[in-house]
Structures are given as C-alpha cells and as structure tokens.
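Enquirer: This is the structure I have questions about; it appears just below.
The values are calculated or read from the model by the stated rules, or taken from the named source; none is laboratory data. Everything numeric in this text was worked out from a predicted model, so none of it was measured. In this analysis, Cβ positions are derived from the backbone assuming ideal geometry, glycine residues included, and neighbour counts consider all displayed protein chains. These accessible areas exclude ligands, DNA and RNA; they are computed on the full protein's heavy atoms, side chains included. Shrake-Rupley method; radii C 1.70, N 1.55, O 1.52, S 1.80 Å.
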Amino acid sequence: MTSRREPRLADAAEIAAEHGLTSARISQFYTERTENTAGKAFPEPVDKRGRARLWDHAEVTEWFAHRAPTRLAEHAPPSLPPGTLLNAAEASRYLGYKNRNQVTTFVRDRPGYFPEPDVVEEKGTAENPYRRQLWKVETLQAWMATRPGRGRRAGTKEVPPLPDVPVDGDPDELLGASQAAALLGYKTIGSFSSSLSQGNLPLLQTTDGSAENAGRQNGRRRWTRRRILQQAAQRSKR
C-alpha cells in the first residue's frame with residue numbers, strides 16, 4: 001500500500017516570489033477567484049500559518065500553467081538597438097511596468113532575481129555621491145524571455161541556491177538577506193524578501209547594521225545571527 005504524498009505548502013509571499021508578482025496580487029487571485037479568466041478558479045488554501053493562507057504548491061503551479069496571458073506577457077517593447085543603455089526608470093517602461101521604480105525595487109529587494117546592470121556610473125560629488133545603473137536592451141530582452149511566471153523551459157536561468165549557514169556560529173555576526181533566508185527556511189531570496197516586505201518577519205524590521213565598502217552590496221541590510229534565530233523560533237511556532 002502506497003502512502004499519500006504530503007503536498008508542498010506555500011504562502012502568498014512564496015508564490016509571488018516564484019512568479020514575479022506581489023503577495024497582494026496572489027491574494028487578489030484568490031478573493032476574485034470566481035471572476036478570473038484562467039479557465040478555472042484559483043485553488044482554495046489547504047492550511048494556515050498564523051494568519052497566512054497556505055496553498056498546495058502543485059495546484060497553484062497547475063493554475064498558473066493554464067492562466068490566460070498577462071499584460072506583461074503581451075507587452076511589445078519598442079524597437080531599440082541591442083546595445084542601447086537604459087537607466088532603471090527607462091528599463092521599467094521598456095519591460096512594460098507601469099511603476100517606473102519597478103526595476104529599482106527588484107534590484108534593492110530581490111537579489112538574484114533581476115540581472116546585474118551592464119554599466120554602473122559613479123555620479124555626484126564627494127559629499128553627495130550616487131550611482132547610476134544602466135542595462136543594455138539585449139540584457140533586458142534575455143531576462144524577458146525567461147522571466148518567472150512565463151513557464152520553465154530550456155534556457156531558463158536557475159535561481160542561485162542559498163548559502164549553507166551554520167546555526168551555531170557567532171551570535172553577534174552580521175548576516176545578509178541570503179543568509180537570513182537560509183536560516184529561516186526559505187527556498188529563495190525572493191520569497192524571503194517578499195515575506196519581509198509583507199511584515200511577516202517583525203523581528204527583522206529592525207536591522208543591526210549594513211554592509212560597507214562591499215561594492216554592489218554597500219548599504220544592504222544586516223542582522224545578527226541571534227536576531228535571525230529568534231525570528232526563526234517565533235516563525236516555527238505559528
């Protein structure tokens with residue numbers, strides 16, 4: 001006699017990160033499930049973690065596979081030479097996002113999800129420096145072709161694995177988002193960032209420091225291992 005498979009469960013933040021959406025959009029799919037155009041209603045949640053709904057990951061994946069094309073999928077970007085450089089706001093418009101800050105948000109909050117800029121220009125003055133990031137059109141086109149939510153296929157870039165982080169290290173060591181995500185049990189940095197932005201990790205709303213003199217990581221948030229493990233313990237009780 002074979003045992004029944006235990007479904008993999010995922011909350012709105014994890015589903016959103018996997019498909020390049022927001023948690024609010026996933027919740028909207030559920031609350032408007034009788035009105036959507038996917039051919040069948042968005043799946044019912046099968047459990048809860050605290051106040052967060054949990055869905056069978058396989059059922060949600062199947063729903064997305066049959067979902068009608070989204071506005072972004074139907075967006076036709078303007079014709080530009082492949083080597084044309086676009087700043088973050090221009091790249092957002094090129095990709096079809098209504099929010100001109102969308103690319104900036106991806107880069108800041110979801111490391112590894114969006115491609116690194118092709119050119120970084122140091123601007124401003126010594127007293128007030130800033131960096132301007134630029135992407136080539138060909139880089140944006142390549143990302144569009146494999147953007148999460150369009151379906152897995154040959155050539156799709158895999159999400160970088162999270163690091164192996166020991167729980168018994170120095171409790172005062174400052175750790176970054178990818179290390180925090182690993183200690184908290186998230187599968188990807190995207191699902192961690194989305195859950196953090198949703199307020200699901202209250203102990204991490206306060207940071208213990210930031211990265212300095214670390215190139216592109218400069219200014220990124222850091223937490224002590226102690227704080228992260230306290231949040232992990234709190235999360236496991238939900």
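Residues are listed down the side, and each one gets a yes or a no for (1) free of Cβ contacts under 8 Å to residues at least 60 places away in the same chain; (2) in contact with an Asp or Glu (Cβ under 8 Å, 6 or more places away or on another chain); (3) open to solvent by less than 50 Å² (accessible area, probe 1.4 Å):
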{"site": "Ala89", "(1), (2), (3)": "yes, no, yes"}
{"site": "Ser92", "(1), (2), (3)": "yes, no, yes"}
{"site": "Arg100", "(1), (2), (3)": "yes, no, no"}
{"site": "Tyr113", "(1), (2), (3)": "no, no, yes"}
{"site": "Asn128", "(1), (2), (3)": "yes, no, no"}
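Enquirer: Among the residues of region 115-126 satisfying the criterion of being open to solvent by 40 Å² or more (accessible area, probe 1.4 Å) and either among the aliphatic types (A, V, I, L, M) or touching a residue at least 24 places away in the same chain (Cβ under 8 Å) (or both), which is nearest to Arg221 (Cα to Cα)?
Expert: Looking at the filtered set, the residue picked out is Glu116.
Enquirer: Among Gln28, Gln102, which is the only one that is under 29 Å from Leu201 (Cα atoms), modelled with pLDDT under 85 and polar (S, T, N, Q)?
Expert: Gln102
Enquirer: Out of the residues in region 130-152 that are modelled with pLDDT of 85 or more and among the polar types (S, T, N, Q), state the one that is most open to solvent (accessible area, probe 1.4 Å).
Expert: Out of the qualifying residues, it is Gln141.
Enquirer: Among the residues of region 44-77, which ones are in a loop (DSSP other than H, G, I, E, B) and at pLDDT below 90?
Expert: Gly50, Arg51, His66, Arg67, Ala68, Pro69, Thr70, His75, Ala76, Pro77
Enquirer: Ok, one more. Residues Gly185, Gly155: which one is modelled with pLDDT of 80 or more, on the phi > 0 side of the Ramachandran plot, out of contact with any Asp or Glu (no Cβ under 8 Å at 6 or more places or on another chain) and not hydrophobic (A, V, I, L, M, F, W, C)?
Expert: Exactly one of Gly185, Gly155 is modelled with pLDDT of 80 or more, on the phi > 0 side of the Ramachandran plot, out of contact with any Asp or Glu (no Cβ under 8 Å at 6 or more places or on another chain) and not hydrophobic (A, V, I, L, M, F, W, C), namely Gly185.
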